[in-house]
Amino acid sequence: MDYFYFAVRRLLQALLVMFVISLIGFSIQDNLGDPLRELVGQSVSEAQRQELRDRMGLNDPFLVQYGRFLAKAVQGDLGQSYFFKKPALEVIAAKFPATLELVIGATLIIITFAVPLGVFCAIRPKSWFSKFVMGFSIVGISVPVFLTAIFSIYLFSVELGWMPSFGRGETRNILGWQSGFFTVDGLVHLILPSISLASIMMPLFIRLIRSEMMEILQMDYIRFAWAKGLYSKRVWFLHAFKNTLLPVITVGGVQVGTMLAYTILTESVFQWPGMGFLFLEAVNRVDTPLIIAYIIVVGLIFVVTNTVVDLVYTWVNPTVKLVGQKS
Amino acid sequence: MALLEVKGLEVEFPLGRKTLQALHGVDFSLDRGERLGIVGESGAGKSVAAFSILNLISRPGRISEGEVLFDGTDLTRLDDAAMREIRGNKISMIFQDPMMTLNPVLTIGTQMIECLQAHREISKEDARKISIDKLKEVMIPSAENRMESYPHELSGGMRQRVVIAIALLTDPSIIIADEPTTALDVTIQAEIMVLMLALCKNNNVGLILITHDLAVVSQVTERIMVMYAGRVVEQGPTREVIQNPGHPYTRGLIKALPQENIPGARLNQIPGSMPSLDAIPAGCAFNPRCEFVDLECHNAIPPLCGEGEQKIACIHRDRIPRFNLSEKGI
Amino acid sequence: MSAFTTFFQSDFVFRFKRDKVAVISLIVVVVLVLSALFAPLIAPTNPYDLTTIDIMDSEIPPIWTEEGEDRFLLGTDPQGRDMLSTILYGMRISLTIGFFAVLLQAFLGVSIGLLSGYIGGRVDAFFMRLADIQLSLSTLMVAIIALAVFQAGFGAELYSDLAIIMLVLVIGIAEWPQYARTVRASVLAEKHKEYVDAARVIGMSRRRIMVRHILPNTLSPILVISTIQVANAIISEAALSFLGLGMPVNKPSLGSLISSGFEFIFSGSWWITVIPSIVLVALILSINLLGDWLRDVLNPKLYKD
C-alpha cells in the first residue's frame, strides 16, 4: 500500500513536470516567431492580419490558446516545421534512432569499462593502477566532450585515416528501425562518436562506483561477511557489489538526461544526423515548432527515465525509505 | 595451555602526521568453554582488542606488536587464506547492531548457506538443512520460511538470533560478541543473553563478551577484564572483581550501577570522561578522574599485578578501601 | 598577524605542502587567473581593437614553427588577431563567467538552503521538490535550450551583446540545488544543538542566528562545492560557446575560440584550436585537482543522493 501511494505521488509529480514543460513550450510558441509571417508573408494589410489572427484564435485568452495547444500536443500534434513543411514530431522521430544509437553505443562502452575499473579502484585503493585510473578520470572530467571529439577526429580520421570523420554511414531498415547497427559501415561510423560521448560520462561513473563501493566496504555487514570467513571474491562481488549497484543504477538513470545534452555537442562535431544536430539547425533557422517539439520530446525522455528509475529502485529495494512517509 | 592467548598486543592507527596507539600491551587468555567479559566505557579499546583477534580492525588500524596464540598458532602471522579458514569457522563473531550486521540485499538463507560452504565441502541442500536446524536452535519460529526472508522483514531481536545462529553454524570453539544486546530493546536484551549463555554452555563454546553492562557480565561470565584508555586495569574472576573491586576505575563503574533496592537513590557517576587517544594523561591514564590520585600517579604507568588471581594496575591498590557489594543486589 | 601565522602552521597547510599535485595545481590556477586579470597589461595587442588587426596577418603559425613570425608568439587566428592576446582576453571572459555564475549559484543555494532548513514545513517541502526536479534535469540541457530560445527570440545581434549576462544567469540559476541541499542538511544538523538554542534564548533574531552561527559551519562544504562548480561552469560556458550559443566571435571566450578554429584544423592551422584547448584543459584540470584535494582534506559532509 505504501508503494502504491508512493507510485501515485511519483506519477503525479511526473505529470506536473510535463505540464510545466508544456507551459514553457507554449510560451515559447507564444513569444517566438509570428505564425502569420510564416503563412502569409509581409504583403498583407494590418486589417487582414487582425482578421486572420482572430480566425486562427491568436487573440483568444492565454488559457484558451494553451488549452488548444495542450489538446493537440496530447494527440501528438506539435505543429508543422516551418523548414521541413512536415509535422514537427515526425521530423524528430525520423532523427531519433540516430541519437538512440549514439546513446546505446556510449552506454555499452561505459558499462564495459566503468564497472570493472570502479570496482578495482574501490578494492585496491592504494595500488598504482587505481591511482592511475583515478588520475586519468579527473583528466577525463576536465576535458570537454567537444575537445575529445575534435581531437579524436583529428587523430583517427585526419592523421591516421582509420575512421570516418563525420556522418552516420550506411543504415539498413530492420523491423521498422532504420539503423546503422546492422551494417559494418554504420558500426564504424559509430565508434568515434560513441567513444567521445562515453569519455565524458565514464570518469563520473568510475568515481561514482568507486566511492559507493568504498563506502559499502566500510559497512558492518561487510565486516561481518569477512568475520564469517567468506572468500574475498564473494565478499567483493556479491556482498559489496550488489549493494553498490542500486545507487549506481539510480544515478545512471538520471544521467541519461545529461547524456542527451552531450549528444548535442557530439552530434554537432561529428555532424551526426540525430535529434541534437536537428535542434541546432532548428535554432539557427528559428523553426519554432521544431524547437518546441524537441523541448517536449527531450522533457518527456527525462521525465519518463527518472520516473521509471525511481519506481523500479523503490520496487527492488524495499529497505529504502519511501518519500513522504514519516519514519 | 589456554585455547586462546593474547600476549603484549599493541594496536596503532596511523593518521596523517601522528600515529595513535589504541592498545598498549594487552594480555589475556581464554580456556576452552570459558566465558570472559571485557568491560569499560566506550573508547577504552575493548572492541579493538576483540577485533584484533581475527585481524578485523577497521582501517587504517593495525597490530604493531604482540601475538594472538590460538591453539598454539600465532594468528597475527597468518596469511589471508589461513586467516579466512579461522574466521567464522574456529572463531565466530557477533556484532553490536543486528540491523547493520546482515546484508540487506541477500536472504537469510543465502547468508547462512554461504558461511557453511566457505568452510566445508557440503552440498547446498545439506547446508540448508543445517542452517534450518540452527535457526530452530535459536528459537526462530517457522525457520524454513525465514530462510527466504530478507533481513528488513525481521525484528531486531529476530535478526540478532539469526546472527547468533550464523555464529554457531560451524561449531566454533570461540565466539566473540561485541555488545550483542546494546542495540536491542531492553525487554529483548535479557532473552538474547539467556539464549547465548545456554547455547555456549550446551556446545562448550568459549565466549568473549564485550560490554559496558556490568550486570550482564556478572551473570554470564566467569572471568572479567576491565579496560581503560587502551590498557587492562583489572582482571580476575568475575565474582571477586565485582564484589571486591581493586582499581578505582572498576570501583567507579560498580558504584555507578543503579541500586535497585534503594529507590530514588542518586547514581554515582565517575566524574569526567575517557580521554581521547591523542590526549592520554601521563602516568596512570585514569589519574584526572580518580578520587585517590596523588603526585605519584603522574609519574609512571602502573603495571598489572597482584598476588591472587585478581590483578590490578594501580600503585595504591593496597590503600584503596575495598567494599563488599553483596548488599548492592548484584 | 597571529591568525596569519596560525594558518601557516596549521595541519591544512602542512598537508598542502606535502602534496605536489595540489601545489602545482594551485600555481597553475594562480598564474592563469593573474594573467587573465591583468590581460590588458600583459597582452601584446588588444584583440577587441579592430584598428590594430590586419587581415593580412591571418593564420600565421606560432613562433617556433618555420613560418612563424616574431610579432606573434602563438601565431594568429583567421581574422589576423594575435593568438596570445585573444587567449588571454578569452580566458578573462571564461573566468569571469565561471566566477559570477558560481557566485550566483552559491547565493541562491545558500539562501534557499538556510531558509528551507530553518523554516521547514511547506517552504522546505516546496524547495526540496523543486531541487529534486531541477537536479533530475541536466543543467547543460536546460542551458542549451534556454539560450537557444533566447537567441532565436532576440536575434543574434542583440544576443551577442547580452551573452555574458545570459551565460551567468543561465549557468547560475541552473545549479543552486547542490548548495541548497548541503546547506539545508547542515542547518538541520545544527538547528537543535545547544548553542543555537542558547542564541535564541538570549534573544537573537532568526536571521542573525542563521548568518552568525549556522552559516560558518557550512563553509567547508561550500568551499569544496564552489571550487568544483567553477570548473563545471567554465566547461558549460565553453560547451555553450562552442555550440554558438555563448560568446560571439568578436568577443570570444576560450570555448568560442576553439569553435572558430575547429574548421581550420583540417586545413593544417592546428594552433587556432589546439592552443586555447590546452589552456582550457589546464585551467579546468587544475581547478578540479584543487577541488579534489580540498574534498579529501576538509572531508565535509556533502549532501549525497
- Sort out which residues of the range C:248-272 are surrounded by 22 or more Cβ atoms within 10 Å (Cβ to Cβ) and facing chain A (nearest Cβ under 10 Å), and write them in order of number. C:Leu254, C:Gly255, C:Ile258, C:Ser259, C:Gly261
- Every residue from the range A:259-272 that is crowded, with 18+ Cβ neighbours inside 10 Å and touching a residue at least 24 places away in the same chain (Cβ under 8 Å): A:Met259, A:Leu260, A:Tyr262, A:Thr263, A:Leu265, A:Thr266, A:Glu267, A:Ser268, A:Val269, A:Phe270, A:Trp272
- Message: Restricting to the range B:280-301, count the residues that are buried (at least 17 other Cβ atoms within 10 Å of the Cβ), out of contact with any Cys (no Cβ under 8 Å at 6 or more places or on another chain) and in a helix (DSSP H, G or I).
- Response: 1
- Message: Can you tell me which residue is farthest from the chain's Cα centre (by Cα) among those in the range B:89-101 that are under 17 Å from B:Thr182 (Cβ atoms) and at the interface with chain A (Cβ under 7 Å from one of its Cβ atoms)?
- Response: B:Met100
- Which residue, of B:Leu304, B:Leu209, B:Leu277, B:Leu214, is farther than 21 Å from B:Arg319 by Cα, more than 18 Å from the chain's Cα centre (by Cα) and surrounded by 15 or more Cβ atoms within 10 Å (Cβ to Cβ)? B:Leu277
- Which one of C:Val102, C:Val110 is away from chain A (no Cβ under 14 Å) and within 14 Å of the chain's Cα centre (by Cα)? C:Val102
- Please determine, by comparing only the residues of the range A:132-161 that are more than 10 Å from chain C (Cβ to nearest Cβ) and without any contact (Cβ under 8 Å) to a residue 12 or more places away in the chain, which one is farthest from A:Leu265 (Cα to Cα). A:Phe132
- Just checking, which of C:Ile93, C:Ile112 is in a helix (DSSP H, G or I) and more than 17 Å from C:Gln178 (Cα to Cα)? C:Ile93
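Determine which member of the set A:Ala98, A:Ala106, A:Ala114, A:Ala73 is under 24 Å from the mean Cα position of the chain (by Cα), crowded, with 19+ Cβ neighbours inside 10 Å and not assigned by TED's automatic domain parsing to the domain that holds A:Glu281.
A:Ala73
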- Message: If I filter the range A:268-277 down to residues being in a helix (DSSP H, G or I) and in contact with a Ser or Thr (Cβ under 7 Å, 6 or more places away or on another chain), which single residue comes out as nearest to the other protein chains (Cβ to nearest Cβ)?
- Response: A:Gly276
- Residues that are aliphatic (A, V, I, L, M), in contact with a Leu (Cβ under 8 Å, 6 or more places away or on another chain) and at pLDDT 65 or above, drawn from the range A:25-55: A:Val44, A:Leu52
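Among the listed residues B:Ile86, B:Ile113, B:Ile164, B:Ile122, identify the single one that is within 13 Å of another protein chain (Cβ to nearest Cβ) and free of Cβ contacts under 8 Å to residues at least 24 places away in the same chain.
Result of the check over B:Ile86, B:Ile113, B:Ile164, B:Ile122: B:Ile113.
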- Query: Of all residues in the range B:185-206 being farther than 19 Å from B:Ala50 by Cβ and in a loop (DSSP other than H, G, I, E, B), which is nearest to the chain's Cα centre (by Cα)?
  - Reply: B:Asn204
- the range A:205-227, residues that are at the interface with chain B (Cβ under 7 Å from one of its Cβ atoms) and touching a Ser or Thr at 6+ places or on another chain (Cβ under 8 Å): A:Asp220, A:Tyr221, A:Arg223, A:Phe224, A:Ala227
- Note on the structure: For helices (runs of 4 or more DSSP H) lying entirely in the range C:166-270, having 1 or more residues that are at pLDDT below 75 picks out C:176-191, C:194-201
- Item | Residues (without any contact (Cβ under 8 Å) to a residue 40 or more places away in the chain and either of a type outside the set (A, V, I, L, M, F, W, C) or farther than 18 Å from B:Leu168 by Cα (or both)) located in the range B:180-200 | B:Thr181, B:Asp185, B:Val186, B:Thr187, B:Ile188, B:Gln189, B:Ala190, B:Glu191
- Message: Considering only residues that are surrounded by fewer than 23 Cβ atoms within 10 Å (Cβ to Cβ) and either small (Gly, Ala, Ser) or assigned to a loop (DSSP other than H, G, I, E, B) (or both), which ones fall in the range B:102-117?
- Response: B:Pro104, B:Val105, B:Leu106, B:Thr107, B:Gly109
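Give B:Ser64, B:Ser58, B:Ser29 a once-over and let me know the one that is small (Gly, Ala, Ser), free of Cβ contacts under 8 Å to residues at least 12 places away in the same chain and either within 14 Å of chain A (Cβ to nearest Cβ) or in a strand (DSSP E or B) (or both).
Matching residue, one of B:Ser64, B:Ser58, B:Ser29: B:Ser58.
If I ask for residues that are of a type outside the set (Ser, Thr, Tyr) and in contact with a helix residue (DSSP H, G or I) (Cβ under 7 Å, 6 or more places away or on another chain), which ones from the range B:231-259 would you list?
B:Val233, B:Glu234, B:Val241, B:Ile242, B:Gln243, B:Pro245, B:Leu253, B:Ile254, B:Leu257, B:Gln259
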- A:Ala240 being within 10 Å of chain B (Cβ to nearest Cβ), buried (at least 19 other Cβ atoms within 10 Å of the Cβ) and touching a residue at least 24 places away in the same chain (Cβ under 8 Å): yes
- Residue check: is B:Gly45 on the phi > 0 side of the Ramachandran plot and touching a Leu at 6+ places or on another chain (Cβ under 6 Å)? yes
- Counting residues that are modelled with pLDDT under 75 and among the β-branched types (Val, Ile, Thr), which helices (runs of 4 or more DSSP H) fully inside the range C:1-74 reach at least 1? C:2-8
- Message: Please count how many residues of the range B:125-145 are farther than 25 Å from A:Phe237 by Cα, more than 14 Å from chain A (Cβ to nearest Cβ) and either assigned to a helix (DSSP H, G or I) or touching a Pro at 6+ places or on another chain (Cβ under 7 Å) (or both).
- Response: 10
- Message: Within the range C:132-151, does at least one residue satisfy the condition of being within 14 Å of another protein chain (Cβ to nearest Cβ), over 30 Å from A:Val251 (Cα atoms), out of contact with any strand residue (DSSP E or B) (no Cβ under 9 Å at 6 or more places or on another chain) and not hydrophobic (A, V, I, L, M, F, W, C)?
- Response: yes
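The values are calculated or read from the model by the stated rules, or taken from the named source; none is laboratory data. Bear in mind that the values here come from a model prediction, so they are computed numbers and not experimental data. Counting neighbours? That spans all protein chains shown, and the Cβs are built from the backbone with ideal geometry, glycine included.
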